[in-house]
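Q: Starting off with a structure, shown below.
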Amino acid sequence: MSLLDKAMILLALKTGIRFGELCAVTWSDIDFKQQKLRIHRQWDYLKGSGYKSLKARLGNKTKNEDINERYIPLNNQLLNVLLEFKNSSEYFPNPDGRLFYKNDCAASVMRNRTFNNKLEKHLIDSQIERVTAHCLRHELDCYKRCKRLCTVFTWT
């Protein structure tokens, strides 16, 4: 697995952020000392027109979702992968300092479909059932809820 794939997939998996938010993450959004990620905008990966506020609708969304700025804790494993990626030849320095920048396409970022195809390939290689970038959000939420429930209930 390339460092780019590893960094993108792990960041999406460990944080549950939306794909547009993932595409907008910059190095200045990551506080390595406090081990947290600031989510305050998204990238319009469909049109490649740049940053959008979290409240702006992307694509064909018809409902007005209440999305707020937030801070997400990051663990050492993820921080180490991100640093390794930043110091590798796979990271492409760019004016905004975005982590996942592509200079060879109009959107300036990997397409959602491309990300899902890469994710699917790695899941198949690991014999894990297919999920999409969007499903990763729900998988993480489900895992966290289950973990909280297990601490509430004691089984005897």
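Q: Report the extension gain between Asn103 and Ser2 in nm, rounded to one decimal, defined as 0.36 nm multiplied by the number of residues separating them, less their alpha carbon distance. Working shown, then result.
A: On the way: separation 101, 0.36 × 101 = 36.36 nm, distance 1.79 nm.
Gain in length upon complete extension: 34.6 nm.
Q: When you count, for each residue, the other Cβ atoms within 10 Å and take the mean per peptide, how do 7-20, 121-134, 69-82 rank with the highest first? Mind showing how you got there, number by number?
A: Details: 7-20: 20.8, 121-134: 12.1, 69-82: 13.9.
Ranking the peptides 7-20, 121-134, 69-82 by packing returns 7-20, 69-82, 121-134.
Q: Test of understanding: what is the full-extension gain from Ser49 to Asp125, defined as 0.36 nm times their sequence separation minus their Cα-Cα distance? Please report the intermediate quantities before stating the final value.
A: On the way: separation 76, 0.36 × 76 = 27.36 nm, distance 3.43 nm.
Residue separation times 0.36 nm, minus the Cα-Cα distance, leaves 23.9 nm.
Q: Over 20 Å between Cα atoms, which of Lys36/Lys86; Lys33/Lys86; Lys6/Lys33; Lys14/Lys52; Lys36/Lys102; Lys33/Lys118 qualify? If you can, show how the numbers build up before the last one.
A: On the way: Lys36/Lys86 17 Å; Lys33/Lys86 16 Å; Lys6/Lys33 22 Å; Lys14/Lys52 23 Å; Lys36/Lys102 25 Å; Lys33/Lys118 31 Å.
Over 20 Å Cα-Cα: Lys6/Lys33; Lys14/Lys52; Lys36/Lys102; Lys33/Lys118.
Every number in this text was worked out from the coordinates using simple rules, so none of it is lab data. All values reported here derive from a predicted model rather than from experimental measurement. Here the Cβ is made from the backbone with ideal geometry for all residues, glycine too, and neighbour counts use every protein chain on show.
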